[in-house]
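The values are calculated or read from the model by the stated rules, or taken from the named source; none is laboratory data. Nothing here was measured: the structure is a model prediction, and the numbers come from that model. Ideal geometry is used to build each Cβ from the backbone, glycine not excepted, and the neighbour counts take in all protein chains shown. Note: areas computed on protein heavy atoms with side chains; ligands, DNA, RNA excluded. Shrake-Rupley method; radii C 1.70, N 1.55, O 1.52, S 1.80 Å.
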Amino acid sequence: MLRKILKWTGIVLGSLIVLLLTGYLFIASNIANRTDKTYSFAAESLAIPTDTATINRGEHLAVIKGCTDCHGANLGGKIMIDDPALGRLVSTNLTRGRGGVPADYSTTDWLRALRHGVGRDGKPLLFMPSHETTLLSRQDMAAIIAYCQQVPGVDNELPENDLGPVVNVMTYLDKMPLLSVEKIDHNRPMVAQIDSTEGIAQGKYLAVSCSGCHRPTFKGGDPVAPGFPPVPDLTLTGNPGKWTKDQFIATLRTGKTPSGHQINNDNMPWKMTAQYTDKELASLYQFFHSLN
Ligand code: HEC
Ligand code: HEC
């Protein structure tokens with residue numbers, strides 16, 4: 001009897017393991033195919049001004065859009081994550097130093113990356129939020145490119161990306177923005193310029209940078225990855241809906257909420273939101289307060 005039970009337990013467990021392995025192999029090969037796909041988009045061009053005001057605007061944008069968070073303050077790139085479950089995710093050295101973008105990396109190449117989410121070879125850029133940068137206005141796009149093109153070269157040679165099982169599975173379940181190329185409406189033209197007066201329109205434009213975690217509805221939801229806290233609701237139905245404008249601004253400047261909770265910058269990039277101007281934060285506040 002016991003032998004029989006043991007035998008059947010063994011068969012059931014064995015079959016489960018085979019099933020799980022087959023499932024994982026299927027997912028891994030699906031993601032490998034999608035990351036290796038070659039895309040082709042019509043080459044675009046854009047006039048890039050080089051005046052100081054534009055460069056300064058580009059520098060501000062590089063900070064508030066998180067380019068410096070992921071690519072490093074000097075844009076020299078870095079290993080963002082390296083662990084057995086997630087794998088190794090590496091941001092590009094965007095400068096012309098050793099290990100950086102090629103000397104002839106042109107405005108067309110910048111646009112292909114920022115508008116379409118693919119590299120020069122047409123292969124998807126992994127984990128680069130091009131589904132957000134594609135929504136930049138033409139004027140802001142030009143300013144960011146202008147700034148990036150003139151930063152001093154940084155010598156920093158980096159290893160390749162190497163996706164781990166958790167990234168494969170989460171991407172398969174559409175729980176991680178690994179392949180922004182798949183999320184972009186590639187025929188959408190850039191809007192020329194955004195109304196930069198304080199108000200809901202500017203807030204909505206800026207809030208694109210919050211939508212990846214706080215969700216497109218800004219109602220929050222499950223943690224963005226295992227081990228992170230749940231993402232809060234930013235609208236009138238959430239805590240910030242009860243805050244004054246000054247409390248909202250103070251929270252995004254210091255990471256400390258009115259109830260005294262200190263937010264960890266690894267969970268919520270408040271060191272990035274701290275760099276927004278008062279006007280930009282006030283616009284975000286107005287926008288979130290317009291959402292029920
Ligand atoms: C969430 C992190 C993250 C943010 C924010 C981010 N990037 Fe990236 N970016 C990456 C990663 C990772 C790669 C490398 C993708 C790859 O190698 O497949 C990348 C690649 C790129 C490339 C492609 C270079 C090439 O090989 O052709 C450009 C250009 C770029 N980023 C510019 C920017 C700019 C400008 C910003 C700000 C507007 C920005 N990135 C914001 C993570 C990020
Ligand atoms: C990388 C993901 C991520 C991004 C991007 C992000 N947030 Fe958050 N945010 C979080 C998480 C997670 C928390 C909860 C942190 C905690 O519980 O400690 C949070 C908390 C907050 C809070 C506090 C809410 C509360 O109820 O206490 C505010 C306000 C906030 N975020 C605003 C923003 C704004 C505005 C942006 C865009 C400019 C933004 N966040 C971008 C992940 C993110």
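Quick rundown of the values:
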read-out	value
Separation of alpha-carbon centers, segment 1-50 and segment 97-124, rounded to whole Å	28 Å
Helix-derived mean residue ellipticity, 222 nm - over the chain, DSSP H n ≥ 4, -39500 (n - 2.57), to 500	-12500 deg cm²/dmol
Globularity index of the chain, i.e. its alpha-carbon radius of gyration over 2.2 N^0.38 Å	1.15
Average Cα contact separation per residue, the chain, under 8 Å, 6 or more apart, as relative contact order %	18 percent
Equivalent-ellipsoid semi-axes of segment 223-292, from the Cα gyration tensor, Å, largest first	19, 15, 11
Gain upon complete extension [Asp82, Thr50; 0.36 nm per residue less C-alpha separation]	7.8 nm
Solvent-accessible area per residue, Å², over segment 122-270 with all protein chains present [probe radius 1.4 Å]	52 Å²
Segment Leu21-Ala201, extension gain: residue separation times 0.36 nm, minus the distance between their alpha carbons	59.9 nm
Accessible surface of segment 60-112 [probe 1.4 Å, protein heavy atoms]: carbon and sulfur percent	55 percent
Cβ charges +1 (Lys, Arg) and -1 (Asp, Glu), total dipole of the chain, debye	880 debye
Neighbour-limited loop hits for trypsin sites (Lys or Arg not before Pro), segment 49-148 (at most 12 other Cβ within 10 Å; DSSP other than H, G, I, E, B)	Arg98
For segment 269-275, 3J(HN,Hα) per residue [Karplus equation, 6.51 cos²θ - 1.76 cosθ + 1.60, θ = phi - 60°, Hz, x = Gly/Pro]	x, 6, 5, 6, 5, 4, 8
